[in-house]
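The structure under discussion appears below in the form of structure tokens.
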Amino acid sequence: MKYSIPRGTYDILPAESYKWQAVISSFRKIAGSFGYEEITTPIFEVAELFERSSGESSDVVQKEMYRFTDRKGREFALRPEGTAPVVRSYVENHLDVLSNRTKLYYIGPMFRYDRPQAGRFRQFYQYGIEFIGSDNPYYDAEVIAIEMLWLKDLGLKNLRLEINSVGCSSCSADYDTALREFFRPLLPQLCADCNNRFDKKPRRLLDCKVPSCKALRGSAPSQLDYLDEACKAHFAIVCEHLESMNIPYTINPGIVRGLDYYTNTAFEVIYEGLGAQNSLAGGGRYNGLIEQVGGKSIPAIGFAGGFERLLLALEHEKINFAEHKTPDAYLICLGDKARSGVMAYLNALRQNGLYVEYDPDKSSLKAQFKAADATNARFAIIIGDSEIEAGTVNLKNLKTGEQQSLPLDGGEVLLHIVQGQV
RNA sequence: GUGGGUGUAGUUCAAUGGCAGAGCACCGGAUUGUGGUUCCGGGCGUUGUGGGUUCGACUCCCAUCACCCACCCCA
């Protein structure tokens, strides 16, 4: 084999393709009913957009971004996430002038240079929701509700919603200070990663998995204790709204989103049964991002989810959410006269929306019937030379074996097949 | 980037260092006009790739690539 697919990527073959279509159209439907409209941005952007928004020190920027220089020396990156591009487009196209409430969703591939693993790829597909224009906790709850209701509608059961508040820029700074005070004396005992992160992002020390680090942070201050009054109130109302929508959640102060732009609400949807990569979706509020990208100070909240993991989860629960299309009919032809006489008729059936299979290479009646069975066609349309002469077709129901002779004009056969579908 | 496991036919898997095989799938046939069952026939594949050891390597060794799993990170 001469060429093979790049590492960490995959082909969506016809046998899987119909599932993707089903899940994507299902997402479009739920997003649409909440009033969200689709936005599509390029798969690459100026690299700096991601460096500034996600944070220079984030892993995504530091070691996972596909960067390249174009022929004129400009620095670009394949997008590692969807929010920054959407915000860039929002600011660049002055969408804030059109309305002070902007509801957007996107679907498309993202790219991260990472070691492939179960549920993790280098090119992966995300769906995402962004609400821009209000700090009202209602929207935090709405955005979370879209995801949770959708996943529930798809049939997923083992879902867990975890939420947290990382505070606004001022109280999150207070918290960082408190954390540094707590960790400073422990630094010699902490791992190298923790020491590196101490200055830039001390809260990352909270989710370090090294056992010795884990043990040392037992009595570390909690983020929630350092929220200012406004942030505390905001978080409380988000929780209230979730309760009144009957969306169960757990508060997890350990949720630290990897991207720097998050403020206040942060959440993650966990699905047990996917292995180590068990996060189906995650997101949060980003009240400072739009200004940082060059727009006005406008609050916003959003999330992104992974299609691959969603499909794995659906598979895991054996949820049959999409049916492979099977032919309405299989056209069986006998004799040369019939072969040529049938072509216009076949077109007419297809133009009327019927899915009709036909194989000119199969000659024997038996082979054609076998093929018809293999495709799971509901009907066989049998036309031989004698039918051509008589101006009739034989329509056979392959499930019941019933067969009837009909005039060769198309209309009646169509009618019968469509009726049979009921 | 680090660690562990695995690479043989389209696929799932066999094969003491000694002739590379089977199930499934696929194709053809059993009087070219009525199917699903059955029966018969159809397989030399760089044993992932490149080296090495050996009279001889799918088998042992080294490297490399890919996949799987985990760390990490997150979708």
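The values are calculated or read from the model by the stated rules, or taken from the named source; none is laboratory data. Model, not experiment: these values are computed from the prediction. All Cβ positions, even for glycine, are placed from backbone atoms using ideal geometry, and neighbour counts span all protein chains on display. Just so you know, the surface numbers come from the protein's heavy atoms only, side chains and all, with ligands and any DNA or RNA stripped out. Shrake-Rupley method; radii C 1.70, N 1.55, O 1.52, S 1.80 Å.
Some values worked out for this structure:
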item	result
Check on A:Pro248, part of a loop (DSSP other than H, G, I, E, B), within 16 Å of RNA strand B (Cβ to nearest atom) and under 29 Å from A:Arg120 (Cβ atoms)	no
Residues being more than 18 Å from A:Glu147 (Cα to Cα) and touching a helix residue (DSSP H, G or I) at 6+ places or on another chain (Cβ under 6 Å) - total across segment A:246-257	3
Segment A:371-404 - residue that is within 7 Å of RNA strand B (Cβ to nearest atom) and of a type in the set (Lys, Arg) and, of those, surrounded by the fewest Cβ atoms within 10 Å (Cβ to Cβ)	A:Lys399
Tally of residues being acidic (Asp, Glu) and near RNA strand B (Cβ under 10 Å from one of its atoms) across segment A:253-304	2
Subset of segment A:260-292 that is in contact (Cβ under 8 Å) with a residue 40 or more places away in the chain and of a type in the set (Asp, Glu) - its residue that is least open to solvent (accessible area, probe 1.4 Å)	A:Glu268
Residue selected from segment A:314-363 under the condition assigned to a helix (DSSP H, G or I) and in contact (Cβ under 8 Å) with a residue 60 or more places away in the chain, by the criterion farthest from RNA strand B (Cβ to nearest atom)	A:Ala348
Positions within segment A:29-62 being within 16 Å of RNA strand B (Cβ to nearest atom) and loosely packed, with under 13 Cβ neighbours inside 10 Å, in sequence order	A:Glu56, A:Gln62
Segment A:174-225, residues that are more than 21 Å from A:Ile251 (Cα to Cα), in a helix (DSSP H, G or I), within 16 Å of RNA strand B (Cβ to nearest atom) and open to solvent by less than 40 Å² (accessible area, probe 1.4 Å)	A:Phe183, A:Cys194, A:Phe198, A:Cys213
Enumeration of residues in segment A:96-139 that are touching a residue at least 40 places away in the same chain (Cβ under 8 Å) and β-branched (Val, Ile, Thr)	A:Ile107, A:Ile129, A:Ile132
Matching residues in segment A:321-370 - criterion: being among the charged types (D, E, K, R), open to solvent by less than 60 Å² (accessible area, probe 1.4 Å) and under 18 Å from A:Glu412 (Cβ atoms)	A:Asp328
Residue among A:Asn264, A:Asn287 that alone is out of contact with any helix residue (DSSP H, G or I) (no Cβ under 7 Å at 6 or more places or on another chain), assigned by TED's automatic domain parsing to the domain that holds A:Ser134 and over 30 Å from A:Arg115 (Cβ atoms)	A:Asn287
Criterion violated by A:Gly167 - all others in (1) open to solvent by less than 40 Å² (accessible area, probe 1.4 Å); (2) out of contact with any strand residue (DSSP E or B) (no Cβ under 7 Å at 6 or more places or on another chain) satisfied	(2)
